[in-house]
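A.B. asks: Please see the structure below; I have some questions.
The values are calculated or read from the model by the stated rules, or taken from the named source; none is laboratory data. Everything quoted here is computed from the prediction, not taken from an experiment. Reconstructed Cβ throughout: ideal geometry from the backbone, glycine too, with neighbour counts over all protein chains shown. Only protein heavy atoms, including side chains, enter the accessible area calculation; ligands, DNA and RNA are left aside. Shrake-Rupley method; radii C 1.70, N 1.55, O 1.52, S 1.80 Å.
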Amino acid sequence: MYIYGKNVAFEKLKSGDKINRAYVSKKFRDSKLIDELFKKNIRVDFVDNKVLDRKVSGLHQGIILDIDEIKTFEIDEFLYMVKDKSGYRTIVILDHLEDPHNFGAIIRTCEALGIDGIIIPNDRSVGITSTVVKTSVGSINYIPIVKVSNLSVAIKKLKENNYWIIGTDMNGDDYTKIDYKMNICLIIGNEGKGISNVVRNNCDYIASIPMIGKINSLNASVSCGIILSRIVSER
């Protein structure tokens with residue numbers, strides 16, 4: 001897959017992951033980044049901007065990296081990875097999110113706040129695209145993404161591993177009134193439909209952000225950031 005942008009390229013280089021090839025604009029002037037590519041013996045093709053424009057639709061900033069698909073994890077593999085972590089554990093489930101910018105922003109927030117991982121469904125959901133990687137500003141390299149075929153089965157497994165499930169909805173309990181001193185799985189719903197009924201029925205709590213202003217809804221990534229910040233600060 002192609003990923004692009006200077007910050008994304010720097011983070012991918014720092015991660016040590018394999019980079020198959022780099023496409024760099026002939027007008028590119030970031031010598032530090034080019035030096036890093038050469039130090040790691042990565043093939044660099046210097047091309048016209050129009051070649052880069054044809055490869056990706058986003059703002060590439062003069063650099064595109066050709067990499068293998070981003071690694072994802074099975075839920076059992078992930079739970080084993082975090083089982084011995086000290087303190088309370090926190091996971092985010094995205095219930096069929098569709099907007100890659102929301103997904104990328106949520107990844108960035110989760111990594112910044114030390115969240116353990118993000119679970120997404122295999123089908124009818126945004127996947128890991130170049131736009132997601134760009135919006136995450138490379139933070140996707142540092143947080144596990146778990147893909148599952150059935151969210152209800154995944155939630156059941158989390159409950160068996162002592163996680164409490166907190167859904168999000170406009171009609172729920174004030175998110176500031178919930179005690180977060182426990183292992184938590186926070187569920188963020190679809191941008192238009194919210195969390196599905198089958199997922200909602202498996203939640204232990206439904207958290208809601210009180211609205212004081214005239215706008216009665218928040219972007220999914222903003223809502224996720226607000227509640228996660230509360231979870232982290234309360235602990």
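A.B. asks: Just name the residue that is farthest from residue 64 (Cα to Cα) out of those in the range 144-155 that are surrounded by 13 or more Cβ atoms within 10 Å (Cβ to Cβ) and of a type in the set (A, V, I, L, M).
C.D. replies: Residue satisfying both the conditions and the ranking: 155.
A.B. asks: With the checklist (1) under 22 Å from the mean Cα position of the chain (by Cα); (2) closer than 30 Å to residue 149 by Cβ; (3) assigned to a strand (DSSP E or B) in hand, flag the one item residue 20 doesn't pass.
C.D. replies: For residue 20, the exception is condition (1).
A.B. asks: Being in contact with a strand residue (DSSP E or B) (Cβ under 7 Å, 6 or more places away or on another chain) and on the phi < 0 side of the Ramachandran plot is the filter here, so list the residues in the range 90-102 that pass it.
C.D. replies: Once the filter is applied, which keeps residues that are in contact with a strand residue (DSSP E or B) (Cβ under 7 Å, 6 or more places away or on another chain) and on the phi < 0 side of the Ramachandran plot, the range 90-102 yields 90, 91, 92, 93, 94, 95, 97, 98.
A.B. asks: Additional query: For the range 28-63, enumerate the residues that are more than 14 Å from residue 6 (Cα to Cα) and basic (Lys, Arg).
C.D. replies: 39, 40, 43, 50, 54, 55
A.B. asks: Now, a different point. Within the range 44-57, can one find any residue that is of a type outside the set (Ser, Thr, Tyr) and in contact (Cβ under 8 Å) with a residue 60 or more places away in the chain?
C.D. replies: The answer is yes, given that some residue of the range 44-57 is of a type outside the set (Ser, Thr, Tyr) and in contact (Cβ under 8 Å) with a residue 60 or more places away in the chain.
A.B. asks: Within the range 15-28, restricting attention to residues that are touching a residue at least 24 places away in the same chain (Cβ under 8 Å) and open to solvent by 30 Å² or more (accessible area, probe 1.4 Å), which residue is nearest to residue 139 (Cα to Cα)?
C.D. replies: Once the filter is applied, the top-ranked residue is 15.
A.B. asks: Tally up the residues in the range 47-67 that are modelled with pLDDT of 90 or more and in a loop (DSSP other than H, G, I, E, B), please.
C.D. replies: 4
A.B. asks: Further question: Answer yes or no as to whether residue 99 is without any contact (Cβ under 8 Å) to a residue 40 or more places away in the chain and open to solvent by 40 Å² or more (accessible area, probe 1.4 Å).
C.D. replies: Here the answer is no, as residue 99 does not meet what is asked.
A.B. asks: Restricting attention to the range 115-164, report how many residues are polar (S, T, N, Q) and without any contact (Cβ under 8 Å) to a residue 24 or more places away in the chain.
C.D. replies: The number of residues fulfilling the criteria is 1.
A.B. asks: Right, here's the next one. Look at the range 98-143 and say how many of its residues are farther than 23 Å from residue 66 by Cβ, in a loop (DSSP other than H, G, I, E, B) and among the hydrophobic types (A, V, I, L, M, F, W, C).
C.D. replies: Final tally of qualifying residues: 2.
A.B. asks: From 191, 160, which residue is under 30 Å from residue 1 (Cα atoms) and among the acidic types (Asp, Glu)?
C.D. replies: 191
A.B. asks: Here is a check on your reading of the model: is residue 50 out of contact with any helix residue (DSSP H, G or I) (no Cβ under 7 Å at 6 or more places or on another chain), closer than 27 Å to residue 22 by Cβ and of a type in the set (Lys, Arg)?
C.D. replies: In short, yes.
A.B. asks: Condition check: open to solvent by 10 Å² or more (accessible area, probe 1.4 Å), at pLDDT below 95, at positive phi and in a loop (DSSP other than H, G, I, E, B). Does residue 87 satisfy that?
C.D. replies: yes
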